[in-house]
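Taken together, the values in this text are just the output of simple stated rules run on the coordinates, not laboratory data. These numbers were taken from a predicted model, which means no experiment stands behind them. Neighbour counts are summed over all protein chains in view; Cβ atoms, including those assigned to glycine, are modelled from backbone coordinates with ideal geometry.
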Amino acid sequence: MASSSIKPADLESFQNHLRYSDRVLALCGAGLSAASGLPTFRGAGGLWRSYDAVSLATPEAFARDPGLVWQFYSYRRHMALQAQPNPAHYALAALARRKKGFLTLSQNVDGLSQRAGHPASRLHLLHGSLFDIKCTAFYCNYTESNNFTDPIAPALAIPKGGPSPASLGTATSGAGATESLQHAMHGAGSKPQGGKELDISDDRVEMPEIDAKDLPHCPRCGDGLLRPGVVWFGERLPEKIINEVDNFIEEPKKIDLILVIGTSAQVYPAAGYIDKARAKGARVAVVNMDRADTGRGGLEKGDWFFEGDAGVLVPELLKSEIGDISNTERRAGNREDDG
Ligand code: BV8
């Protein structure tokens, strides 16, 4: 029984095509992890505090204020570590185990596809990972993968405090009023009041200034500042990955299908893979909450648009190939990494 939002005819034609597809790509974006509770870049208007998230993801921002950029990335590391892969991550991992000619190209740096057991040889992290770090000193090429230390430096710990501004509201009497008063007097950052972690993505929450000496430094050269191992805007994507993806695309055989999952497809060269796959004969299947987000090239005859949550739709669409992955055993049981 197709879930409500997928038209049975579309599901049938899609699954029929998938069955006979040897070479399949999936291009994934932040929408894939939305069901895991992680904000998208577009979510919250693309803002983190009062900053445009895209502008924080640049070498210039890091040079200007490494403390702020590290607070941004430490917050995202923290959120990603608290999150769990959702059924869409598991479904893509299951398809990668079953269909040799399937490759996932992820723009996500949250580590959730890896944690869902997606075979590493079938997963390309186009924009790096929050959990890789590297030295910024010119002469030092220190890198470290899978560093899950949270916070990565004590000064980057998420501040705890009283109630968030939103919950304070403007109570004028009773407990609310006392709390607002407390809060007004002591403010978020000044006197830690135990309590729960403050939502530092909210600009109204006070966030301490961090001195560069309190930021993570290189254990090898000793004085280089460490930075997150992600690809910032204006930076080249990892050569090895670009070559491996291009080699896959340039193989003589046609590409049968590209799944475009939870991405606004505005960032290049990642978004360019849709047209590259189309040029190799691929039909396009978009899974997105927003009907307007079909990527620059838009949809053509023979393509599919599945409107809704990737966490629900992707397992449904792939069920004919991977079976019903809703039961955890199947998820856990099958998680051998073919490395
Ligand atoms: C480079 C890591 C060259 C860091 C990121 C061609 C044309 C125009 C511009 C360019 C071009 N070529 C290059 C550029 C410049 C630039 C670029 O593309 N700019 C854009 C803004 C126009 N590209 C670069 O700078 C790239 N580098 O070109 O280098 C070079 C060459 C030689 C030598 C030196 C340099 C590097 C780009 C990579 C930047 N790093 N991430 C970090 O994460 O902090 S990009 C980052 O933003 C993400 O990785 C991702 O790629 C992008 C965000 O997009 P999405 O993931 O799609 O997220 P978004 O929020 O936008 O959309 C979410 C979607 O999900 C929406 O459609 C929504 O409807 C949907 N959705 C929401 N909920 C759900 C859902 N769908 C399903 N289910 C749900 N529940």
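Listed values, structure above:
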read-out: Ordering of 256-264, 141-149, 124-132, 75-83 by burial proxy (mean other Cβ atoms within 10 Å per residue, highest first); value: 256-264, 124-132, 75-83, 141-149
read-out: Debye-sum result for segment 70-139 in log10 I(q)/I(0), which assumes one identical scatterer on each alpha carbon, at q = 0.19, 0.24, 0.28 Å⁻¹; value: -0.77, -1.06, -1.27
read-out: Segment 1-124, relative contact order in percent, only Cα pairs under 8 angstrom and at least six apart counted; value: 31 percent
read-out: Whole-number Å³ per residue for the convex hull built on Cα positions in segment 1-107; value: 142 Å³
read-out: Above-threshold pairs, the threshold being 20 Å between Cα atoms, out of Lys7/Lys254; Lys240/Lys276; Lys134/Lys213; Lys134/Lys160; Lys253/Lys319; Lys134/Lys276; value: Lys7/Lys254; Lys134/Lys160; Lys253/Lys319; Lys134/Lys276
read-out: Packing-based ranking, highest mean first, of 294-306, 219-231 given that Cβ atoms within 10 Å are counted; value: 219-231, 294-306
read-out: Calculated FRET value between Ile242 and Thr143, using beta carbons and R₀ = 25 Å, to 0.05; value: 0.90
read-out: DSSP-loop chymotrypsin sites (Phe, Trp or Tyr not before Pro) across segment 7-42, with at most 11 other Cβ within 10 angstrom; value: Tyr20
read-out: Packing rank of 246-253, 150-157, where each peptide gets the mean count of other beta carbons within 10 Å, highest leading; value: 150-157, 246-253
read-out: P(r), alpha carbons of segment 209-322 - 5 Å bins starting at zero, rounded %; value: 2, 9, 15, 15, 16, 13, 9, 6, 7, 6, 2, 0
